[in-house]
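Taking it in order: structure first as structure tokens, then the write-up.
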């Protein structure tokens, strides 16, 4: 089971310039607020896709749910 | 029904219905909190929408996610385009953007995602097409 820190690191590593605040109570359900300059010019759906793509195949598995809020930094 | 037929039925349903929600369960009996919350917001906007339960056949979800490139449920579409899942819909509902995107009047009063949905006639069923 990933920790909040692991999820944060993976988002920040995969998306250049991203800053993520990640919370989890149970290491299965995660809540993340991600700020990234890479989001500039993208729709919300595209912004979320960038983040969800980091965890491809794990969503619904090890990561049961990832609540997301994205912002352009 | 083959996987391709399911995919075609999903594409057709999304093209034919201005507002369509793919969810777990039905608007009256949602089977997941995120689906329930999304239904609640659509009902709060007092707009008609079509709902498709993805649970009866795992291939519905599989094909839907292949089309939309979106892994989670629910998924709200407007005029054939993915608006978002529960998080995005909530953000847009609270900012008033959801109403303008869907082309409906914003609800009176403060826009806070409702916990419990008000009553509304059941949406048009299109489940048969996806069986």
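Worth pointing out:
- Pairwise FRET efficiency - residue B:15 versus residue A:29, Cβ, R0 = 35 Å, nearest 0.05: 0.55
- Label-to-label distance, nm, for residues given as residue B:46 and residue B:69 (7 Å Cα→Cβ offset): 3.8
- Cβ-derived FRET efficiency at R0 22 Å, residue B:81 paired with residue B:105, nearest 0.05: 0.60
- By the beta-carbon count within 10 Å of each Cβ, the least crowded to most crowded order of A:31, B:100, fewest first, is B:100, A:31.
- Mean projected area in nm² (Cα convex hull; one quarter of hull surface) for region A:4-72: 3.9
- For the protein assembly as shown, average projected area of the Cα convex hull in nm²: 11.5
- Among A:25, A:14, A:38, the largest mean-square fluctuation in a Gaussian network model of chain A, built with springs joining Cα atoms closer than 10 Å, belongs to A:25.
- Alpha-carbon centroids, region A:41-73 and region B:52-69: separation in whole Å: 18
- Computed FRET value (nearest 0.05) for residue B:62 with residue A:53, which takes r as the C-beta separation and R₀ as 22 Å: 0.80
- Here the relative contact order of region B:3-103, from alpha carbon pairs under 8 Å that lie six or more residues apart, stands at 35 percent.
Only the coordinates and a few stated rules stand behind these numbers; no lab work does. A quick note: this is a predicted structure, and the numbers were derived from the prediction, not measured. Cβ sites come from the backbone with ideal geometry, for glycine too, and all protein chains shown count toward neighbours.
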